[in-house]
Amino acid sequence: MTEAPAFPPLMQGHAVDAGIDPFEKAGAMAALGCDAGTIVYSIGVNRLAAALVMAPEVPLEEAMAMLPTCGVGFQNALGALAPPEVAVHLEWAGGLRVNGASCGRLRCTAGTDDPKAMPGWLVVGFELPLILLGTAPGDQPDQTALYEEGCADVDPTDMLESWARHTLVWITRWEDDGGRSLHSEWRGLAHDMGEEVEIDGKTGTFLGVDENFGMLLRCGETTELIPLSSVLETS
């Protein structure tokens, strides 16, 4: 890697070595007061990982919208770089799907786990396997990697730059219209909506989401709301 990624205004990169988890590093930096817009990243031979530090000015439950925002940014970014037949879908809890198979994930942590409190800082990270190591094709049919899905020409640096640009666009749209555009875009990409799913030991039909992207899960005769903050990882 000869050149550092070029990020849009309001964002700045912070590279880490392959042995360091960008998500954990970004959480530590955020807790110490680093600038919002910092992207901690690691570009390896078989894996791309990055994490974006944000400073939401809304309660945590509303700020959790940044998880699907970064997911839509990921889909838009890969859609701009990959062949048109490559399909990307987003799992409610952060999983990424490429051509139907699991291909990395999104994660989220914040300065509080109280849904009604202002978090101070929030970090969303993503991990994207580029190649599968130690497995033969077909060994894990529900697991894949980017280069296994016709995307061998997608440069990971280009992917990271594109993700940053598209995510910033969606953050701005979320701020401008209260999330209406984001909800519409995300619903078209949601994996397993309308299907039976298992979340937190509960099995039911995934009906959709509320205004804060909480899952509406139909269990028998009742519908339960599972807040998106339930997927938050402790820092």
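Close contacts from segment 1-26, counting a first residue that is under 24 Å from G111 (Cα atoms) and at pLDDT 90 or above and a second that is among the aromatic types (F, W, Y) and outside any loop (DSSP other than H, G, I, E, B), with Cβ to Cβ under 8 Å and a gap of 6+ residues or different chains, come to G13/Y41; H14/Y41; A15/Y41; V16/Y41; P22/Y41. Of all the criteria given as (1) open to solvent by 20 Å² or more (accessible area, probe 1.4 Å); (2) in a strand (DSSP E or B); (3) more than 19 Å from E161 (Cα to Cα), the one not satisfied by L133 is (2). When you scan segment 187-199, do you find a residue that is touching a residue at least 12 places away in the same chain (Cβ under 8 Å), touching a Phe, Trp or Tyr at 6+ places or on another chain (Cβ under 7 Å) and on the phi > 0 side of the Ramachandran plot, even just one? So far as segment 187-199 goes, yes, one or more of its residues are touching a residue at least 12 places away in the same chain (Cβ under 8 Å), touching a Phe, Trp or Tyr at 6+ places or on another chain (Cβ under 7 Å) and on the phi > 0 side of the Ramachandran plot. How many of the residues in segment 207-225 are open to solvent by less than 30 Å² (accessible area, probe 1.4 Å) and outside any strand (DSSP E or B)? So the count comes out to 2. Against the numbered list (1) farther than 16 Å from I39 by Cα; (2) surrounded by 17 or more Cβ atoms within 10 Å (Cβ to Cβ); (3) among the small types (G, A, S), G79 comes up short only at (2).
Only one entry in A164, A152, A93, A117 is part of a loop (DSSP other than H, G, I, E, B), touching a strand residue (DSSP E or B) at 6+ places or on another chain (Cβ under 8 Å) and either open to solvent by 50 Å² or more (accessible area, probe 1.4 Å) or closer than 24 Å to A28 by Cβ (or both), namely A93. Among the residues of this structure, G104 counts as one that is assigned to a strand (DSSP E or B), surrounded by 16 or more Cβ atoms within 10 Å (Cβ to Cβ) and among the small types (G, A, S). Y41 fulfils the conditions (1) within 19 Å of A145 (Cβ to Cβ); (2) out of contact with any helix residue (DSSP H, G or I) (no Cβ under 7 Å at 6 or more places or on another chain); (3) of a type outside the set (A, V, I, L, M); (4) open to solvent by 10 Å² or more (accessible area, probe 1.4 Å) except for a single criterion, (2). When restricted to residues that are modelled with pLDDT of 95 or more and either open to solvent by less than 40 Å² (accessible area, probe 1.4 Å) or under 15 Å from the mean Cα position of the chain (by Cα) (or both), segment 170-183 contains 5.
When T109 is tested against (1) hydroxyl-bearing (S, T, Y); (2) in contact (Cβ under 8 Å) with a residue 24 or more places away in the chain; (3) surrounded by fewer than 16 Cβ atoms within 10 Å (Cβ to Cβ), only condition (3) is not met.
Here segment 184-200 is the region considered, the condition is being assigned to a helix (DSSP H, G or I) and in contact with a helix residue (DSSP H, G or I) (Cβ under 9 Å, 6 or more places away or on another chain), and the residue that is most open to solvent (accessible area, probe 1.4 Å) is E185. Out of all the residues in segment 51-65, which are out of contact with any Leu (no Cβ under 6 Å at 6 or more places or on another chain) and open to solvent by less than 10 Å² (accessible area, probe 1.4 Å)? Listed by number, the residues that qualify are A51, L52, V53, L60, A65.
The values are calculated or read from the model by the stated rules, or taken from the named source; none is laboratory data. Keep in mind that this is a model prediction, so the values were computed, not measured. Cβ atoms come from the backbone with ideal geometry, glycine included; neighbour counts cover every protein chain shown. For accessibility, only protein heavy atoms count, side chains too; no ligands or nucleic acids. Shrake-Rupley method; radii C 1.70, N 1.55, O 1.52, S 1.80 Å.
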